[in-house]
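In what follows, a structure is listed as structure tokens, so that the remarks can point back to it.
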Protein chains: 4
Amino acid sequence: MTLLSALTGDPEVEALLSDAAQLDAKLAFERALAEASAETGWISEAAATAIGQAIDGFEPDWSALAAGMAQDGVVVPALVKQLRAQLPEPHRAALHKGATSQDVTDTALMLQLARVFDVFESRLTALLDHFDALAKEHGQRELMAHTRMQVALPTTWDAKLASWSEPLRRQLQAITSLRRSLLVIQLGGPVGDRASFGEHGNAIAAKVAQRLDLGLATPWQATRDPIIALGSLLTQITGALGKLGVDVTLLAQNEIAAVRIEGGGGSSAMAHKSNPVNAEVLVALARFNAGLSGTLAQAQLHENERSGAAWTLEWLTLPSMLVNTGASLRLAGKLQQQLHLA
Amino acid sequence: MTLLSALTGDPEVEALLSDAAQLDAKLAFERALAEASAETGWISEAAATAIGQAIDGFEPDWSALAAGMAQDGVVVPALVKQLRAQLPEPHRAALHKGATSQDVTDTALMLQLARVFDVFESRLTALLDHFDALAKEHGQRELMAHTRMQVALPTTWDAKLASWSEPLRRQLQAITSLRRSLLVIQLGGPVGDRASFGEHGNAIAAKVAQRLDLGLATPWQATRDPIIALGSLLTQITGALGKLGVDVTLLAQNEIAAVRIEGGGGSSAMAHKSNPVNAEVLVALARFNAGLSGTLAQAQLHENERSGAAWTLEWLTLPSMLVNTGASLRLAGKLQQQLHLA
Amino acid sequence: MTLLSALTGDPEVEALLSDAAQLDAKLAFERALAEASAETGWISEAAATAIGQAIDGFEPDWSALAAGMAQDGVVVPALVKQLRAQLPEPHRAALHKGATSQDVTDTALMLQLARVFDVFESRLTALLDHFDALAKEHGQRELMAHTRMQVALPTTWDAKLASWSEPLRRQLQAITSLRRSLLVIQLGGPVGDRASFGEHGNAIAAKVAQRLDLGLATPWQATRDPIIALGSLLTQITGALGKLGVDVTLLAQNEIAAVRIEGGGGSSAMAHKSNPVNAEVLVALARFNAGLSGTLAQAQLHENERSGAAWTLEWLTLPSMLVNTGASLRLAGKLQQQLHLA
Amino acid sequence: MTLLSALTGDPEVEALLSDAAQLDAKLAFERALAEASAETGWISEAAATAIGQAIDGFEPDWSALAAGMAQDGVVVPALVKQLRAQLPEPHRAALHKGATSQDVTDTALMLQLARVFDVFESRLTALLDHFDALAKEHGQRELMAHTRMQVALPTTWDAKLASWSEPLRRQLQAITSLRRSLLVIQLGGPVGDRASFGEHGNAIAAKVAQRLDLGLATPWQATRDPIIALGSLLTQITGALGKLGVDVTLLAQNEIAAVRIEGGGGSSAMAHKSNPVNAEVLVALARFNAGLSGTLAQAQLHENERSGAAWTLEWLTLPSMLVNTGASLRLAGKLQQQLHLA
């Protein structure tokens, strides 16, 4: 953990996206593929059993994986090589048979996303509960509304709290709905048409999906619009929390004091300061994610059946967006604890 | 129409977003508001009738509207002033009673979006029909797949056409689904809590929505995540068509010639050139929209009950994104006509 | 002029970038090219004279130009065709001889930029003069500083005004320096190596540059980093003015009232409001330009000797950035007039 | 090092930006400040000596620093507290006297940038040397030019190599020039007006600058346009290398084979593939940096005398851009070694 990530990161989400978590998810894919392939007769039962055992006992050579990543632009060739070395020769070809690196990588991402969504849902629910409790207790109290940075007319805390909650409620629903539409397997083989699995492609795909508790989908290796949609949802979440951050920094101004932040940040030079640090970081993360969502969207433009450039760009942006979103949810929780309505 | 917009614009969508179209939509809102207000007893029937007649005969003073826009940052105060001048004095206060500029502007946008969606749906359907016809005729033919910019393995035109069609099919569905979730009225009054309508707020809102054939929603003036989601969908459409553009420029390379473009662009210096202009513009529009979507997402961060800065930023980006999307759909249609599978 | 551009546009800069201004600049290039070509013996003096006369009397068929733009992705082929039709047959080939569309288009852009820079320099100077005058009159007065959105310690208006002026002073200098490094001719011929001009390429280039009062440069048709640098400078200008806008909206809050805005924007619902509209639009334009600068930077990635996609993306972003910058300078001037230090 | 950073990272630049390197730079600032303060009589010589000794023997409590970062939004308060605990009581107040967190943090960044620039200059020089050698050996050979993705006319490798070199040459110069204009100290005190140093502010600033071999500047804590300009330069470097990457992926297509990549990336499914991985990553990094530059530019909009939100956004983007730039330069070097002109 770096110093910066102590402020802007999220250890829990970072762990779910770590190399170790990625490896686990990739191994889960290879295991499910072997089992599904055996079931359809595409590989032998003995091979599937051997593959399962190799995965059970697998201890990766991380530096060789890193070298493979640098060489091939994707870690799977090196990983498959290491796994195959653990297999008796006759079963080696059965591992990863018909599949391609992208099948492993994209499906593994989906498995990881499912876990990340758990975290998001749980944090969103907690934030909403807290706002609901605030509304119950303070909702009828009056608050001066401000429009275009000027005093407008009195409103109620109910209205303010609703403006903070409603987007989060929509986004919680959207995550649930994405579970069905986004969290699907990738299985296409080298060029994405499942031809590499002979007659067995669709059957294997269905069984892999079932084993991994993911949805079934036609191959999508070069059609990434659902990933762009995910990026937008993440941005909408951080945007909603960034709006909360903006409001809190404004309401907590000394001259306005409509809220008070308990335990704000200190200054090295001004002992009297209580800075709305968490609110400010919510703003920063919202703007960062907004920008990243635009860059992620550039990665929709794959060349032909697979673009190394576009795919790499996705890797450079999406994980960071997931961490930013987790961090925003984490910090919004902290901010709720610090916040006192005046 | 500028020269550039002859290449990258869309006259049909531009017309639906023009000042004239905006004005019509704003007048439709004021009419519906007056009728709904009369029905609930918030204004008199006589006032509603007078307002309807004033709108029927209204001829705007465009230069005064422009001056009002520059002065107030929103055109509605000047528009309401002009409309009121057409009303007998006793009915003037009934016009726009309880409403605020944003109620008019946001609801008008929704009315315009409904028309724009008609265009998008129709064009998406036509594109899909054409791809389906191509697949029926040529789907079984072989095509060399390319991954990571290198020759991979043979695949079929079916697979290629599916990679172009599937995102568009998802996006057509998404537009239909947005009709229900996005196209809703805005009615909140000055600070977005409907308090300005006394007891009548919710009833008036329901009746306005019904009259305008829009969904009902709580006020959303400072919670713009559905707009961000729309921006993402637009980007996904142009991204899918940009991917088509990328593929066509690659497949039409002279050395590859997997497709031929009939009637490509000419050069002022090289008579032999047939440039894949429409495909290139699809790429440019996709990258433009991707970037704009990230900027639009910055506009989610409203300050308190209404941010002039964030709202203006939305105006600077969203209409352009709609036009870009229309233009991409238009150009994809042209490209389909030019495209011959080799 | 649209209603929105009444608020966020800049008629003066828009005129300098209009189709008419572009055409003038393109004709200036063709004239200078003809004269320089005659001087080096690449075309005959008679041809150059005829070309000059054709340009003098040229009345474009705008709709044919628009059709050519849509067909070729660049207007020059249609323009050259129209111009040639005005020439006696023997001189037709002399027009545009050796040049390519991009030579015309890029050089014309430079001529237009020189005029736009005039506007920017003049407005920056006026803004700086006003701030200097304010500092002279009010600089010693005290002002409460705010850091991290909290009251910090008293400072002076001198410090505040310096924080608004210094970036503008740097940017004024940067524009002057860009005149030398950025405003250069493009002359490369079809593939950018001047081979199309036989032995005469460098000599013609030097003479064209001299005639158009532009710098001399090797062809840069696919190496657009200076354009990206320009985009950044524009963003730094709007960013500096956006920071001014942020400060003014904060200082003008009713509860703080460190400045007062005379003649702020009115509301359709709240008669007491005086909204800091110009300050808000400065913020919006700054964020818009920031986003556009990132998208413009995507256009540095040209494919080989010329990318239609990247070039079109540049056209979609750079002119808008120039107008945004002009508009920001314009609105900052208006804001200065409205601003009273409390 | 993560697996992804094995592909897209840069260990050397990452080390120069690490927490340890940041801490060293911050300590260097505090030492220089103490020495300069003693020299002007702002603190005693004894205090400066004690501070120097405390820094010599300082062993940070990293977890307390992380906790401080999370609490205060900036690490300096916790760092100063730890350092003061190492000092005899009478000298504690002399440490950091008059300074604020931002003075430490921004000046430390400049010290780090000076080291990063060393790396960039050295790598740019090596890249240029290699291109010069290629031009010397192969420059006269013919190469088919491609414009708008179509065969154009023959050109020479000289022209192609120039299009790769010239931007890098400009950027090397720009870095050298930034050393003078960008690499300056920050010394402003709590609100950026040096008032906290009594009469000694300017003298101390001059001496700190001299000791740290940085330029002198008026406080710039809330005027970050030079940082935005740096971001643009980084983007121009990665953009130039991204354009190289685009060209190489196009020229190395099997059907074109104008270059050959030795030792390209392997596939887990297609043994015949030699993927242009390094070229693709250059494209991805260029697009990533382009997007980040737009987001960094959002961070120019500081609120009043210091914005925690904007500053944090800068931290979230700039270091990543520096690493991306280092990685691009690193990978371009690798690609040069792999590249054979056909």
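Rule-based calculations on the coordinates, nothing more; no lab input. If you're wondering where the values come from, they're calculated on a predicted model, not measured in any experiment. Here the Cβ positions follow ideal geometry from the backbone for every residue, glycine too, while neighbour counts run over all protein chains shown.
List of remarks:
- Average silhouette area of chain D, convex hull of alpha-carbon atoms, in square nanometres: 19.8
- Rounded, prolate or oblate (a/c below 1.5 giving rounded, otherwise prolate when a/b exceeds b/c) for the protein assembly as shown by Cα gyration tensor: rounded
- Placed amide H near B:A145: partners under 5 Å, 5+ positions off or other chain: B:A152, B:L153, B:T155
- Relative contact order of chain D, defined on C-alpha pairs under 8 angstrom at six or more residues apart (%): 19
- Copies compared at C:L341 - label distances in nm, ascending, label defined 7 Å from Cα in the Cβ direction: 4.1, 6.3, 7.3
- Sites C:E39 and C:D213, calculated FRET efficiency, Cβ-Cβ separation with R0 25 Å, nearest 0.05: 0.90
- Charge dipole (chain B, unit charges on Cβ, about Cα centre) - positive-most of B:H340, B:L282, B:L322: B:H340
- Summed residue charge, Cβ within 14 Å of A:I237's Cβ, Lys/Arg positive, Asp/Glu negative: +3
- Scattering profile of the range B:207-342 at q = 0.12, 0.13, 0.18, 0.19 Å⁻¹ [log10 I(q)/I(0), Debye over alpha-carbon scatterers]: -0.60, -0.67, -0.95, -1.01
- When its C-alpha radius of gyration is set against 2.2 N^0.38 Å (N residues), the range A:38-87 gives a value of 1.31.
- Charge dipole of the range D:10-62 (Cα centre as origin; +1 on each Lys and Arg Cβ, -1 on each Asp and Glu Cβ, all else neutral): 280 debye, rounded to the nearest 20.
- Once the Kirkwood radius over Cα pairs is known for the range A:122-205, the Stokes-Einstein relation at 37 °C and 0.692 mPa s delivers a diffusion coefficient of 195 µm²/s.
- Translational diffusion of the range C:91-164, µm² s⁻¹ [Kirkwood Rh, Cα pairs; Stokes-Einstein; 10 °C; 1.306 mPa s]: 96
- Check: chain B dipole with +1 on Lys, Arg Cβ and -1 on Asp, Glu Cβ, in debye: 700
- With all pairs of separate Cα atoms included, the range B:29-140 yields a Kirkwood hydrodynamic radius of 16.7 Å.
- For the range D:278-294, the residues whose backbone nitrogen is under 20 Å from a point 7 Å from the Cα of D:S181, taken along Cα to Cβ, are D:293-294.
- Helical contribution to [θ] at 222 nm, DSSP H n ≥ 4, -39,500 (n - 2.57), averaged over chain C, rounded to 500: -22000 deg cm²/dmol
- Close Lys-Lys pairs in chain B, where close means Cα under 18 Å and separation is 8 or more or interchain: 8
- Label points for D:E89 are taken 7 Å from Cα along Cα→Cβ. From this copy to the others they lie 8.0, 8.2, 10.7 nm apart, shortest first.
- Longest DSSP-loop-exposure-free segment, GluC sites (Glu not before Pro), chain A, at most 16 other Cβ within 10 Å: A:1-254
- Diffusion coefficient of the range B:279-342 by Stokes-Einstein, Kirkwood radius over Cα pairs, 4 °C, 1.567 mPa s: 97 µm²/s.
- Volume per residue of the C-alpha convex hull in the range D:54-119, rounded to whole Å³: 111
- Cα-centred dipole magnitude for the protein assembly as shown, charges only on beta-carbon of K, R (+1) and D, E (-1), debye, nearest 20: 0
- Residue and distance (whole Å) for the chain D Cβ nearest the axis that superposes D on B: D:E255, 2
- Percent antiparallel among DSSP beta bridges (both partners in the protein assembly as shown, rounded to 5): 80
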